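The values are calculated or read from the model by the stated rules, or taken from the named source; none is laboratory data. The shown structure was predicted, so the numbers you read here are calculated from the model rather than taken from an experiment. With ideal geometry, Cβ positions are generated from the backbone for all residues, glycine too; neighbour counts draw on all protein chains shown.
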Amino acid sequence: MKEEKVPTEVVEEEIVKVEDVPEEVAAVIEKPAKPEALDSWQPKTELGRRVKAKEIVNIDEVISSGKKVLEAEIIDALLPNLEMELIMIGQAKGKFGGGQRRIFKQTQKKTAEGNSPSFTTMAVIGNKNGYVGLGMAGSKETVPARNKAVREAKLNLLKVMRGCGSWECGCGKPHSIPFKVTGRCGAIRVTLMPAPMGTGLCVEKECQKLLKLAGIKDVWSQTYGKTATKSNLIKACFRALAKLMTFKISDTVRGNLNIVEGALIEEPAKEENGKKQ
C-alpha cells in the first residue's frame, strides 16, 4: 500500500493547536518562511517604495532615520535571515494545582451565543547579530495569533548595543553589554549587567530566548516585582535592551569597551606573503 503524504501546512497547524505543547517542542527556534509575496509586493508607504526600488539596502538606514516601519515586508527584504521563537506565556492548571507553560494564553468571553474564546501569543525575532524584535497579538484562533505576533515583532525591530563592559573580562569582543541598564514594565523591573566571557545568560528562561536572538552571550541580571507575569517580564527585558541605544558615548569609552551597534562584521583574515594567517 502506498503511504499518503500529509501536507506540511496541515501538520504545522495541528501541532500548534495542541493544548499541551511540550516545553522542549515550543522552545525550538524556527526560521520564518521566506515571504513569497515579496516579488509581487506593492508598497503602500514611501519607505516601502524606496526599499522595493533598492534605494535603501541597509536596515541601519531605516532605524537611524527614525521613521516608523508600517510594512513587515520591509524587514523581510532587508533582513532575510531572521529567526523566530515563541514565548511561554500561558499556563494550564492540573488536577492538583500544578501548571504547564504554554505558548498561547487562552481567555473566554461569555456572550448570549455561548463562550467566545481568544488566544494571545508573544513572539521574538532576531538574527543573533545585533537585531531583535518583540511582538504580542491575539486572535480567535492560534495560527492567526502567531502570525500577527510575528508581524508585530518585525514592526518593533530594534538595534542592540553590545560590548565587553565587565571589569573581570578584557577579551575585547562584544559578547555582553557595555554597562548596567534597567527596563521596566508595570510593576516589574529587569536589570541587565555585563558579565565576563563564559558566564552565559544568567537570566530568566524566557528572557534567555530574547537575549540569545539579540546576539548577547553573557549577562547577569536582577528582577524585581511579580515576575510570574511573563509578558511584562519579557517587555521589561526588551525595554532594557532598547534603553542601551539612548546613551551618548564618547569615542574613547566606545573603544575601551569594544562597543558595537547592530551587526558585527567580521574582518577577513589578512594575507601575508600569499598565505592566509
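Restricting Lys140, Lys148, Lys154, Lys217 to those that are among the basic types (Lys, Arg) and assigned by TED's automatic domain parsing to the domain that holds Phe247 reduces the list to Lys217.
Candidates Ala195, Ala228: the one that is small (Gly, Ala, Ser) and farther than 13 Å from Ser176 by Cβ is Ala228.
Of all the listed residues (Glu73, Glu55, Glu46, Glu61), the sole one being farther than 26 Å from Leu233 by Cβ, in contact with a Pro (Cβ under 8 Å, 6 or more places away or on another chain) and without any contact (Cβ under 8 Å) to a residue 40 or more places away in the chain is Glu73.
Conditions (1) under 19 Å from the mean Cα position of the chain (by Cα); (2) more than 15 Å from Cys202 (Cβ to Cβ), marked per residue:
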| site | (1), (2) |
| --- | --- |
| Leu213 | yes, yes |
| Thr229 | yes, yes |
| Ile234 | yes, yes |
| Cys237 | yes, no |
| Ser250 | no, yes |
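In the range 169-187, the qualifying residues are those that are part of a strand (DSSP E or B) and touching a strand residue (DSSP E or B) at 6+ places or on another chain (Cβ under 8 Å), and the one that is farthest from Leu264 (Cα to Cα) is Arg184.
Picking from residues in the range 126-148 that are of a type in the set (A, V, I, L, M) and over 24 Å from Leu264 (Cα atoms), the one that is surrounded by the fewest Cβ atoms within 10 Å (Cβ to Cβ) is Val143. Checking Gly170, Gly165 one by one, the residue that is free of Cβ contacts under 8 Å to residues at least 40 places away in the same chain, outside the structural domain of Glu71 (by TED's automatic domain parsing) and either closer than 30 Å to Asp60 by Cα or exposed (fewer than 15 other Cβ atoms within 10 Å of the Cβ) (or both) is Gly170 and no other.
Within the range 188-246, the only residue that satisfies the criterion of being crowded, with 18+ Cβ neighbours inside 10 Å, assigned to a strand (DSSP E or B) and free of Cβ contacts under 8 Å to residues at least 24 places away in the same chain is Leu201.
For (1) at pLDDT below 80; (2) in a loop (DSSP other than H, G, I, E, B); (3) in contact with a His (Cβ under 7 Å, 6 or more places away or on another chain), each residue gets a yes or a no:
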{"site": "Val21", "(1), (2), (3)": "yes, yes, no"}
{"site": "Val25", "(1), (2), (3)": "yes, no, no"}
{"site": "Lys34", "(1), (2), (3)": "yes, yes, no"}
{"site": "Ser40", "(1), (2), (3)": "no, yes, no"}
{"site": "Lys44", "(1), (2), (3)": "no, yes, no"}
{"site": "Glu55", "(1), (2), (3)": "no, yes, no"}
{"site": "Asp60", "(1), (2), (3)": "no, no, no"}
{"site": "Ala77", "(1), (2), (3)": "no, no, no"}
{"site": "Met84", "(1), (2), (3)": "no, no, no"}
